[in-house]
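The values are calculated or read from the model by the stated rules, or taken from the named source; none is laboratory data. This one's a predicted model, so the numbers in the text were calculated from it and none came from an experiment. Cβ placement follows ideal geometry from the backbone for every residue including glycine, while neighbour counts extend to all protein chains displayed.
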Amino acid sequence: MKIQTSSSEELVNHFLDYLIVEKGAAENTRLAYARDLKKFLYFLMKRKKQCQQVKAEDLSLFLQEQSRSGLSARSLARLVAALRSFYRFLLLDGYLRKNPAAQLATPKSWLSLPHFLTVAEVEKLLNQPDENDPQGKRDRAILELLYATGLRVSELIRLEIDQVNLKAAYLICRGKGGKERVVPFGRRAEQALKSYLLEVRPLFLKEDSPYLFLTRQGKPFTRQGLWKLLHQYAVAAGLEDKVSPHVLRHSFATHLLERGADLRSVQILLGHSQITTTQIYTHLSRRWLREVYDRFHPRA
């Protein structure tokens, strides 16, 4: 088999195009992989090497260097995933005869447990918006739906009206890689959504828009705009230090498991392609069980 030749930069660009066109990856995934591979190209440039000259030892050295620079286990795991996917692409497209990333091990990232709120803290956060104000009524619907469904912020801002079935209380979410999943929601979220759709959205609508949640200007939210909104209410609730992107998603999953939901169901609701991703929450529920045992067992 004749090996094709291209510069490292060209190969990375081919790979990033492949992610979108052939793999159907989300733009956020493409951007994350682009940032990771930019670091890798800088590493190669310092050593005057091209991607096709890399050996397994070079990859290990690069990861060690990134680890020493303070990169978290979670970020290192994504970096490994980017390298493995990139070199698998090069092998399949005839740029390599042997994959140097085939044996790369993913760092254990589960030790960095996600932060989550208690049920009482979630209630406090959700009660912050002023429902006598149209914007507050909208914000209450946003917060209720985030906690009721565990949607990612990027999924919520892209949610369209025709993807929500109020009568049956479920929505159809288009997640990572364009995959669809059906997610139910409860009575509180249903009531908040009805109130928003009947009383507020018509006030904010300036022109036809398919999006469920709109700003006062009639535009869909950006991710930054939505998290600015959440941060505002977290500060008001005295939870500023506990709230980060994904906190309601983490709380959603943790609270389900604490109350007896099985891991497979939570995986489906969250839209995780691998159950190993969902298993991080079992550590949270085990910690909760430890606390319950210590509090209530007479011999604890």
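Under the condition of being over 23 Å from TRP227 (Cβ atoms) and assigned to a helix (DSSP H, G or I), the residues counted in the stretch 198-215 number 4. Take TYR87 and tell me if it is part of a helix (DSSP H, G or I), touching a Lys or Arg at 6+ places or on another chain (Cβ under 9 Å) and crowded, with 19+ Cβ neighbours inside 10 Å. No, not satisfied.
Kindly indicate whether GLU180 is among the acidic types (Asp, Glu), touching a strand residue (DSSP E or B) at 6+ places or on another chain (Cβ under 8 Å), assigned by TED's automatic domain parsing to the domain that holds LYS242 and surrounded by fewer than 17 Cβ atoms within 10 Å (Cβ to Cβ). In short, yes.
Only one entry of TYR147, TYR170 meets the criterion of being of a type in the set (Ser, Thr, Tyr) and in contact (Cβ under 8 Å) with a residue 60 or more places away in the chain, and that entry is TYR147. The set of residues from the stretch 12-45 being more than 19 Å from LEU91 (Cβ to Cβ), touching a residue at least 60 places away in the same chain (Cβ under 8 Å) and in a helix (DSSP H, G or I) comprises ASN28, THR29.
Put simply, of ALA192, ALA168 the only residue that is assigned to a loop (DSSP other than H, G, I, E, B), farther than 16 Å from PHE252 by Cα and either assigned by TED's automatic domain parsing to the domain that holds VAL243 or touching an Asp or Glu at 6+ places or on another chain (Cβ under 8 Å) (or both) is ALA168. In the set (1) assigned to a loop (DSSP other than H, G, I, E, B); (2) under 19 Å from the mean Cα position of the chain (by Cα); (3) surrounded by 14 or more Cβ atoms within 10 Å (Cβ to Cβ), the condition left unmet by ALA261 is number (2). What residue, among those in the stretch 27-48 that are in contact with a Leu (Cβ under 9 Å, 6 or more places away or on another chain) and modelled with pLDDT under 90, is surrounded by the fewest Cβ atoms within 10 Å (Cβ to Cβ)? Filtering first and then ranking leaves ARG30. Put simply, of ASP162, ASP139 the only residue that is over 23 Å from LEU229 (Cα atoms), part of a helix (DSSP H, G or I) and either touching a residue at least 24 places away in the same chain (Cβ under 8 Å) or small (Gly, Ala, Ser) (or both) is ASP162.
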